[in-house]
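To start, the structure itself, in structure tokens.
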Amino acid sequence: MKLTILGCYAATPRTFTNPTSQVLEINNEVFLIDCGEGTQVELRRNKVKFGKIKHVFISHLHGDHFYGLIGLISTFMLLNRKTELHVYGPKGIKEIITLQLKFSNSWTGYPLYFHELSSTAPEIILTTKKVIVETIPLKHRIYCNGFLFREQPKPRKLLMEEVAKYPIDVAYYKGIKKGKNAVLPDGTIIPNKQLTADPEPPKSYAFCSDTAYHPEIVEQIEKGTALYHESTFLEEHAYLAAPTGHSTAREAGAIARAANVEQLVLGHFSTRYDSILPFKAEAEDVFSQVVLADDGKSFNF
Ligand SMILES: [Zn+2]
């Protein structure tokens with residue numbers, strides 16, 4: 001899994017920081033998560049191929065999370081895209097985007113599908129060969145979802161030195177990897193657990209922005225490989241967090257600790273701070289595996 005941060009700052013774009021957008025690559029499938037202003041420029045800067053993006057996930061309809069979407073959709077059209085594009089986001093997103101396309105008389109030449117979300121309970125919104133995506137309902141000033149990306153379970157590992165002890169045709173390997181027992185030509189059954197080992201556990205990535213401190217998500221994201229959690233504020237501004245539907249770095253650390261994830265990635269920093277280093281220090285008070293997102297930074301999990 002490779003995560004590339006295109007933007008991870010709150011509210012207004014600046015010359016040196018971008019609002020929220022990131023690219024998650026899992027086994028060659030590419031997902032765009034949020035699409036703040038500047039996203040298409042950052043995609044180019046980070047050499048993400050436009051054609052590989054087939055699914056865009058929008059957490060909520062605050063501008064710093066989706067004002068780059070109409071520009072990206074328009075650029076895809078100008079580049080003569082033919083492959084379909086799927087947009088997942090809150091109810092209303094279809095009306096907003098199609099209104100702009102309508103008044104500019106610029107309908108896309110490629111199929112554009114909207115998957116509007118309104119459930120306040122987690123729901124699976126995409127299943128591909130390799131990945132399952134579900135919503136993580138968050139607590140913000142408007143309807144907002146995080147997204148949980150889980151690898152599909154992998155096939156069991158063949159223990160070749162065991163398999164070679166028996167006359168098992170190659171044609172049966174696929175079934176054995178799926179958990180079937182082997183049946184020899186004389187009818188003898190070799191139990192699957194003798195021939196295979198457990199696969200690597202599926203990896204997962206949880207994107208959680210924007211949200212107030214919301215421990216209700218812990219169960220859903222438990223033991224994940226990586227958690228991106230917003231940390232808009234430091235403790236000195238904790239009094240602003242709850243009323244604005246945001247979290248502090250320390251609260252993000254508390255969620256990571258409770259969920260027992262492997263890695264916490266902090267982002268959605270308020271632009272009021274000159275340095276983001278104190279965010280790491282404050283989260284590390286409660287959770288040890290903390291890294292800071294930053295625009296243009298990539299992580300491999
Ligand atoms: Zn917001």
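The values are calculated or read from the model by the stated rules, or taken from the named source; none is laboratory data. Everything numeric in this text was worked out from a predicted model, so none of it was measured. Glycine gets a Cβ as well: all are built from the backbone with ideal geometry, and neighbour counts include every protein chain shown. Just the protein is used for accessible areas: all its heavy atoms, side chains included, with ligands, DNA and RNA removed. Shrake-Rupley method; radii C 1.70, N 1.55, O 1.52, S 1.80 Å.
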Distance between the range 157-184 and the range 59-76 - C-alpha centres, whole angstrom | 49
Cα shape, the range 99-162, gyration tensor, a/c 1.5 rule | oblate
Neighbour net charge for ALA281 - beta-carbon separation under 14 angstrom, K R +1, D E -1 = -3
Would you mind telling me which residue in GLY71, GLY63, GLY175 has the biggest mean-square fluctuation in a Gaussian network model of the chain, where springs connect alpha carbons within a distance under 10 angstrom?
-> GLY175
Accessible area in square angstrom per residue, the range 169-262, 1.4 angstrom probe | 50
Only Cα pairs under 8 Å and at least 6 apart count here; give the relative contact order of the range 150-277 as a rounded whole percent.
-> 21
Dipole axis of the chain (+1 Lys, Arg; -1 Asp, Glu on Cβ), positive-most option in LEU72, THR135, HIS229 = LEU72
What whole-number value in Å² describes the accessible area per residue of the range 38-105 for a 1.4 Å probe?
-> 50
The correct pair for the range 1-146, radius of gyration to one decimal and Dmax as a whole number, both in Å and from Cα atoms, is 14.5, 39
Tell me what the chain gives for mean residue ellipticity at 222 nm when only DSSP H runs of n ≥ 4 count, each as -39,500 (n - 2.57), the sum divided by the residue total, rounded to 500 deg cm²/dmol.
-> -6000 deg cm²/dmol
Classified through the alpha carbon gyration tensor (a ≥ b ≥ c as square roots of its eigenvalues; rounded if a/c is under 1.5, else prolate when a/b is larger than b/c, else oblate), the range 80-132 comes out oblate
Pop out the carbon and sulfur fraction of the accessible area of the chain as a percent, whole number, probe 1.4 Å.
-> 53
Take the Cα radius of gyration of the chain and divide it by 2.2 N^0.38 Å, with N its residue count; two decimals is plenty.
-> 1.14
Counted charge near ASP198, where neighbours are those whose Cβ lies closer than 11 Å (Asp, Glu -1; Lys, Arg +1) = +3
For the range 168-301, using Cα atoms only, the Rg and Dmax in Å read 22.2, 75
So how far, in whole Å, is the C-alpha centre of the range 201-255 from the one of the range 272-292?
-> 13
Of the residues CYS208, SER298, ASN27, the Cα lying farthest along the dipole of the chain towards its positive end, which is defined by charges on the beta carbon of Lys, Arg, Asp and Glu, belongs to ASN27
How big is the Rg/Rh ratio for the range 62-168, C-alpha atoms only, Rh by Kirkwood, two decimals?
-> 1.20
Highest GNM mean-square fluctuation, the chain, Cα pairs closer than 10 Å: which of ALA256, ALA281, ALA171?
-> ALA171
Dipole in debye (nearest 20) - the chain, about Cα centre, beta carbon charges: Lys, Arg +1; Asp, Glu -1 | 1240
Where both residues lie in the range 19-163, what percent of DSSP beta bridges are antiparallel, nearest 5?
-> 55
